[in-house]
Every structure is written in C-alpha cells, then in structure tokens.
Amino acid sequence: MQHISATDRALNIEYAIRDVVVPATKLEAQGHSIIKLNIGDPIAYPGLPTPSHMVEAFVKALNDGKNGYSPSYGLPELRTAIANDERTKGWPASADDVYVCHGVTEALQVLFQATLDEGSQVLAPGPHYPPYMAYPQMYGAETIEYRLNSDDGWSLDFDDIESKMNDDVRLFVLINPNNPTGAVVGQEEIDRLLQILKPWPNCILVADEIYDGLDFSNRQVSAASRSDSIPVVTMNGVSKVYYAPGWRIGYMAIHDPTSVLSSVRDGVERILRSRLCASTPAQLGFLAGLQEDRSWMKEYSKTVQERRDVCLQRISGIEGLEVETPEGAFYMFVRLTDEHWRENDKQFVLQLLHEEHVLLVHGSGFSQDKGKGHVRLVFLPDVATLHTAFDRIDAFLQRHRNA
C-alpha cells in the first residue's frame with residue numbers, strides 16, 4: 001500500500017533539544033535513571049519552583065471561572081502590565097504595542113508568517129536556538145547564520161554581519177542573553193549593530209530577550225531602548241525569568257520609532273485573530289508575576305549563578321573540556337577538545353547517555369557549522385547532581401581516551 005507522504009518542510013525540521021530525549025526515554029523505560037542536563041525547563045530542577053503568588057493567581061482564575069476565550073491580542077490588563085515593564089527597560093511601549101502569544105515560539109511563528117516571503121532571508125547567530133533555523137523555511141525563507149566569536153565570549157562578529165546584510169534580509173535576530181552560549185551583548189555592541197542595520201530599510205531587528213532577568217554581567221540592555229530609527233520586535237515571556245515554562249505565555253512588543261510597521265502590525269493581528277487566543281488563566285498568572293513582589297528573583301538568580309560557578313570549576317579540572325564563561329541565561333556551550341569528539345559531538349552525546357546516563361545536547365544541533373565540536377549543558381540541577389554528572393563525564397572521557 002502506498003504511503004501518504006508528509007511535506008518536505010515538516011520532514012526537514014529538527015529540534016536537537018528534544019530529539020535527544022527519544023533515546024533517553026527508552027533507557028528510562030528499561031529502568032535507568034538519567035541525569036538530564038539537556039532541557040531549559042527551570043522548574044524541572046529542585047529549588048526553583050514557580051512563585052506561589054503566580055500559581056495562586058492561576059488557580060484563582062480557574063476557580064473564578066475565568067477560563068474562557070480572551071481577546072486575541074491578550075488580556076488588556078496584561079498588555080498594559082507588559083508595556084509598563086518594557087518602559088522600565090527604556091523605551092516608550094504602550095499596551096497597543098504588545099501581543100500575547102502561546103510562548104515566544106508562537107510569537108516567532110506569527111512574526112515569520114507576517115514578514116517572510118519566498119526568497120526572504122533571516123540572519124540569526126550561529127549557534128542559535130533551533131526554531132530560528134526550522135521555522136523560516138516553512139514560509140519559503142532561508143536562515144543565514146552570522147558568526148559569534150567562540151574564543152571571545154561568543155561576542156558578535158560585526159565584520160561577518162556586515163558582509164551578510166542585503167536587501168533580502170527581512171529579520172535580524174539578536175538573542176540576548178544567548179541560547180545556547182549564555183553570552184550577553186551590551187549597550188555599545190547593540191549601538192554598533194543598529195548602525196550596521198540602518199542602511200537596510202526592509203530589515204527588522206528581532207530581540208529575543210526571554211533570559212533578560214538572568215544577566216550575571218549587568219551589561220544586558222533592551223535593544224528597543226537603544227533604537228531611534230530601526231524597528232525592533234522584542235520577544236519575552238513567563239517561561240524562564242518567571243519560572244513557568246509550561247504555561248506557554250510569551251509576547252512580542254513592537255517598537256516602531258519611524259512608523260514603518262503598519263502593514264506588519266495588520267498582518268500580525270490578522271494571524272492572531274485567526275488562532276483565537278492564548279490561555280486566559282495562564283495570562284492572569286503572568287499578570288500576578290508582573291504586578292506583585294519580585295524580590296524572590298534575586299534569590300533565584302543567586303542560586304542559578306552558584307550552580308553555574310560549580311560547573312565552571314569542575315570543567316576547569318577535566319581534560320577534554322573547555323568553556324567560555326556564560327554571562328547570562330542558564331546554559332553553557334562546552335567545547336570538546338579531544339580530537340575524536342571534536343568531530344563527533346552528537347556521537348559523544350549519545351554514547352555518554354548510553355554509558356553514563358547523563359544527557360546533554362550536541363552543539364551541531366544548534367548549528368551544523370558553528371556549533372560543531374560543542375555540547376550544551378544546562379546548569380540548573382542541584383550541586384550534588386552536578387558533581388555526579390561531571391564525575392561521570394570525566395570518567396567517560398578518560399575511558400575513551402585510554403581505550
């Protein structure tokens with residue numbers, strides 16, 4: 001019997017972060033316990049629960065029957081609260097500039113649908129969060145990677161960026177802090193980037209700032225706050241800094257200083273209306289996070305930074321691993337220095353999983369070219385678990401080096 005085929009655009013999608021879960025799940029089914037350092041879900045690790053006042057607001061919404069459809073662009077009170085929060089970051093956001101979505105991933109899909117045509121290009125950092133490669137091709141566009149300097153804290157390579165700008169580039173992506181490297185781009189670098197983008201009037205800066213509250217460098221700034229001419233679409237939400245990833249509430253906030261995005265806004269709004277709305281009770285939970293006490297964030301950030309420092313200390317003592325210190329988020333992009341693994345990062349991840357039951361993500365899953373020879377590690381587990389994981393990684397490296 002002839003099989004009905006899926007589309008090429010579906011079959012070509014890869015999402016390395018979750019793809020490696022498939023063999024891990026099989027091992028778990030056989031009774032093995034896996035140390036998971038692969039997925040950026042902050043509440044999957046001890047000591048970092050969703051704040052109670054946010055959970056209570058979510059539950060209260062359910063108990064009060066606030067469980068129906070809400071406006072397609074988001075609850076008005078939440079859009080206002082988000083705009084107020086964005087204004088504290090230095091740009092004149094209004095509630096009408098904010099669109100609430102099912103997480104940043106849906107916000108990206110909506111923006112891509114509204115801006116990309118056949119032959120359009122997206123410039124995204126290499127390495128990068130996988131959807132920036134997977135989604136644009138659904139709309140006939142192409143993602144071009146610009147280089148991050150792997151020996152200089154994964155900083156922006158401005159010469160490479162300039163060489164790749166052209167009239168087909170509709171979206172320029174800045175992930176700040178970066179996933180998977182943890183690098184932070186500061187004010188001077190953003191200002192220089194905006195100057196590079198200025199001669200290209202068809203280009204929008206996409207500022208993915210979902211990790212902006214996890215900045216250990218004190219250098220992270222809102223890209224929108226630095227722009228007086230380039231349109232900026234900020235992406236953010238409840239998943240990372242507010243520790244509620246499963247709620248799937250994110251937003252895009254449009255900064256349009258020269259009023260060139262009226263057509264894009266119209267397209268975004270049409271798409272949002274066609275898919276109804278984001279979760280109503282989850283929006284009310286996020287609203288509580290924005291409006292109520294945020295002092296808890298300092299303690300959470302301190303915990304995350306302490307766990308980062310444990311990983312840096314352990315890596316410094318393991319032959320075969322090197323890392324640039326991450327300045328934000330909760331990832332580090334670890335370089336494999338043994339000759340064999342340098343060329344086989346996915347094999348490293350799969351063999352480590354099967355032999356030592358430690359799960360990482362292969363760097364080539366974040367960029368075939370610019371991520372090769374690395375692994376991404378989430379540094380959120382408790383200290384004891386991290387030490388166990390590094391003991392196993394060290395033993396694995398030594399065993400294969402001496403084989």
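Screening E189 against (1) more than 23 Å from A253 (Cβ to Cβ); (2) modelled with pLDDT of 95 or more leaves a single unmet condition, (1). The conditions of being under 14 Å from S279 (Cβ atoms), assigned by TED's automatic domain parsing to the domain that holds Y129, under 22 Å from the mean Cα position of the chain (by Cα) and at pLDDT 90 or above are not met by G68.
Report yes if some residue within segment 246-266 is modelled with pLDDT under 95, under 21 Å from the mean Cα position of the chain (by Cα) and on the phi < 0 side of the Ramachandran plot; otherwise report no. Yes. Cβ-Cβ contacts under 7 Å between residues 6 or more apart (or on different chains), taken from a first residue in segment 64-84 that is in contact (Cβ under 8 Å) with a residue 24 or more places away in the chain and closer than 18 Å to G237 by Cα to a second residue that is among the basic types (K, R) and surrounded by fewer than 20 Cβ atoms within 10 Å (Cβ to Cβ), are listed as S72/R273.
Taking first residues from segment 296-314 that are in the same structural domain as F390 (by TED's automatic domain parsing) and in contact (Cβ under 8 Å) with a residue 60 or more places away in the chain and partners that are of a type in the set (D, E) and surrounded by 14 or more Cβ atoms within 10 Å (Cβ to Cβ), the Cβ contacts under 9 Å between residues at least 6 apart in sequence or on separate chains come to S301/D215; R307/D382; R314/D391; R314/D394.
The values are calculated or read from the model by the stated rules, or taken from the named source; none is laboratory data. These figures come from a predicted structure and were not determined experimentally. Positions of Cβ are backbone-derived with ideal geometry, glycine not excepted, and every protein chain shown enters the neighbour counts.
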